[in-house]
Amino acid sequence: MQELEIPYTYCNGRLTVEVRLQYPSDIFLVDSLNFRKYKAGENFKFYGG
């Protein structure tokens, strides 16, 4: 599995993310807390899938 980390920004309002892929892929969005949990192999909450 290839992992790509894209820096995020803190936002007071709505944040829109657009991802364009050439092949079927699993994409999910996490905040900093859940990203640390993901990297540690713990259960985490995410958007997408």
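Just so you know, all these numbers are worked out from the coordinates, no wet-lab data involved. Because the structure is a prediction, the values reported are computed rather than measured. Cβ sites come from the backbone with ideal geometry, for glycine too, and all protein chains shown count toward neighbours.
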| field | Net lengthening on full extension, L33/K45 (0.36 nm per residue, minus Cα-Cα) | value | 3.4 nm
| Low-density loop positions, trypsin sites (Lys or Arg not before Pro), the range 19-49 - DSSP coil, at most 12 other Cβ in 10 Å | R20, K45
| note | Helix-only [θ] at 222 nm, the chain, -39500 (n - 2.57) per DSSP H run of 4+, per residue, nearest 500, equals -4500 deg cm²/dmol
| request: Evaluate the charge dipole of the chain about its Cα centre and quote only its size in Debye, nearest 20, assuming +1 on the Cβ of each Lys and Arg and -1 on the Cβ of each Asp and Glu. | output: 140 debye
